[in-house]
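Data block below; observations after.
The values are calculated or read from the model by the stated rules, or taken from the named source; none is laboratory data. Given the structure is predicted, the values throughout are model-derived calculations rather than measurements. Every residue, glycine as well, gets a Cβ built from its backbone with ideal geometry; the counts of neighbours run over all protein chains shown.
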Number of protein chains: 2
Amino acid sequence: MNVLIVFAHFDAGSFNASLLTTAIETLKGQGHEVRVSDLYAMNFDPVTRPTDFSTPENPDHIRYDTEQRHAVKTGTLPADVQAELDKLMWCDALILQFPWYWFGLPAIMKGWVDKVFAMGAAYGQGQWYNRGALKGRRAMLAFSTGCFPSMCGPDGINGDMEIILWPIQNGILRFTGFDVLPPHISHSVNYKSHDQRRQMIDDYATRLRGLFDDEPLPFNDREDFTKDWRLKPGITPRAVGQIRALPGVEGPAS
Amino acid sequence: MNVLIVFAHFDAGSFNASLLTTAIETLKGQGHEVRVSDLYAMNFDPVTRPTDFSTPENPDHIRYDTEQRHAVKTGTLPADVQAELDKLMWCDALILQFPWYWFGLPAIMKGWVDKVFAMGAAYGQGQWYNRGALKGRRAMLAFSTGCFPSMCGPDGINGDMEIILWPIQNGILRFTGFDVLPPHISHSVNYKSHDQRRQMIDDYATRLRGLFDDEPLPFNDREDFTKDWRLKPGITPRAVGQIRALPGVEGPAS
């Protein structure tokens, strides 16, 4: 199978860099093809700009998404973005690997999504969620944190990790059709011993061996929602994003 | 009062630019001081780089957060980041205004947070959540979307807006001590008539008049959690991030 790893760490001597090396070796060792987008090494520019469109459809009023669609159709995406989109379309599995910055993607990786998950290619015209243009592919977040697991449990001070990751796992990955695997999280790396970090790297290798076998996270399908995009009566929420629609759950003040 | 608006849209003719103009006029009209960080106009570089630190504490192994703390202490943050941090410390209220990109901040604004919310200045050494270094200030998200409100209700296909915004509202703003106001959302702007957009701009002006009076969102305090950062027995979750800790709520598969 084809695996694309998008990687966002600037230090070749980092724990994240070791995870990346292990991932490449492990996946190749299983016979997969592996490509890596090393965003810092590529000096990837994450900023969406009107000048990304050489021949815009509506030069007087650039809407980024519709110009993406036009550029996809006319083959006029910037060369670096097109190259990334080609990799995205090539892959059977996408791994986003990064150090956790402010409970989400570092800016350089957020901008990779903003630019590469282009309307007209990754989604659009009814292609979203289980009908997304990237359906049939798998995706997984792999990240390191500076916090402890108990902080991100359902009762943790940072909130429930499934809730924290919802906008990425549902809003980016599931939205475009991916089957989303549970994240692989390397917690509180900087508080670990050398041996513990070595173990964490081995754990990642073990995890990656299940990349094409592990059970994806559950989400409701497009068909579970009404024409105005609300859960149909009698349909049970399958994911945390709709948890307040569970019978009897009202939850905290809204 | 002092209001900092951080703004992330590249088009001076956009709906977002109109919202910004209205915000400046409205807030100044109320006697507030207003400063604007127009990230595109400033050509703000959102990428965190090891070269951001001219005299790093540990040049062989750059950890971005601890180098931030060292640079804050030694006054060696990059000039553009220091200028933004000065504005952040100056403000009584922070407004992040942006078009919604992939259920979150555009990369240029995410990187503003990554760089400007520096360890040692915005948080650190026990200063987090209700003890955060920015406590006593207010913050609000103001953003435009391409979706409809029903998509982001508790039973909506995109998931519950409070859950979608959790990593920003709790993880960035509350984490650093802000009192977080409910977001001001301008939904499905591109499907509106000129008159409807005019009304939406007026609605924003009305909303801003309550910037220092409106009730902030509820969150649990640091004191509600145990030493291992879990809700103490008998303490009720006040926000959606800990909703699965509510009695009787187990929720979807975890």
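Beta carbons closer than 8 Å, at least 6 apart along the sequence or on distinct chains, never pair a first residue in the range A:64-83 that is within 13 Å of another protein chain (Cβ to nearest Cβ) with a second that is hydroxyl-bearing (Ser, Thr, Tyr) and in a helix (DSSP H, G or I). Only one of B:113, B:72 is β-branched (Val, Ile, Thr) and either within 18 Å of the chain's Cα centre (by Cα) or assigned to a strand (DSSP E or B) (or both); which? Checking each option against the conditions leaves just B:113. Taking the listed residues B:225, B:219, B:178, the one that is at negative phi, more than 17 Å from the chain's Cα centre (by Cα) and not β-branched (Val, Ile, Thr) is B:225, with no other qualifying. Restricting A:171, A:159 to those that are out of contact with any His (no Cβ under 9 Å at 6 or more places or on another chain), outside any loop (DSSP other than H, G, I, E, B), more than 20 Å from residue A:3 (Cα to Cα) and free of Cβ contacts under 8 Å to residues at least 60 places away in the same chain reduces the list to A:171. For the range B:213-235, does any single residue satisfy the condition of being closer than 30 Å to residue A:217 by Cβ and among the acidic types (Asp, Glu)? Yes: one or more hits. Scanning the range B:26-40 for residues that are under 13 Å from residue B:80 (Cα atoms) and not in a strand (DSSP E or B) gives a single hit, B:39. Annotation: residue A:32 fulfils all but one of (1) more than 14 Å from chain B (Cβ to nearest Cβ); (2) under 22 Å from residue B:61 (Cα atoms); (3) of a type outside the set (A, V, I, L, M, F, W, C); the unmet one is (2). Given the criteria surrounded by fewer than 15 Cβ atoms within 10 Å (Cβ to Cβ) and assigned to a helix (DSSP H, G or I), does residue B:51 qualify? Considered against the rule, which asks whether it is surrounded by fewer than 15 Cβ atoms within 10 Å (Cβ to Cβ) and assigned to a helix (DSSP H, G or I), residue B:51 comes out as yes. Within the range B:125-156, being farther than 22 Å from residue B:16 by Cα and in contact (Cβ under 8 Å) with a residue 60 or more places away in the chain holds for B:128, B:129, B:130, B:131. Checked against the criterion of being surrounded by 16 or more Cβ atoms within 10 Å (Cβ to Cβ), β-branched (Val, Ile, Thr) and assigned to a loop (DSSP other than H, G, I, E, B), the candidates B:176, B:236 yield just one match: B:176. In the set B:213, B:155, B:202, only one residue is buried (at least 20 other Cβ atoms within 10 Å of the Cβ) and in the same structural domain as residue B:117 (by TED's automatic domain parsing); that residue is B:155. Among the residues of this structure, residue A:146 counts as one that is under 20 Å from residue A:8 (Cα atoms), within 10 Å of chain B (Cβ to nearest Cβ) and among the small types (Gly, Ala, Ser). Of all the listed residues (A:167, A:233, A:183), the sole one being within 17 Å of residue A:98 (Cβ to Cβ) and more than 7 Å from chain B (Cβ to nearest Cβ) is A:183.
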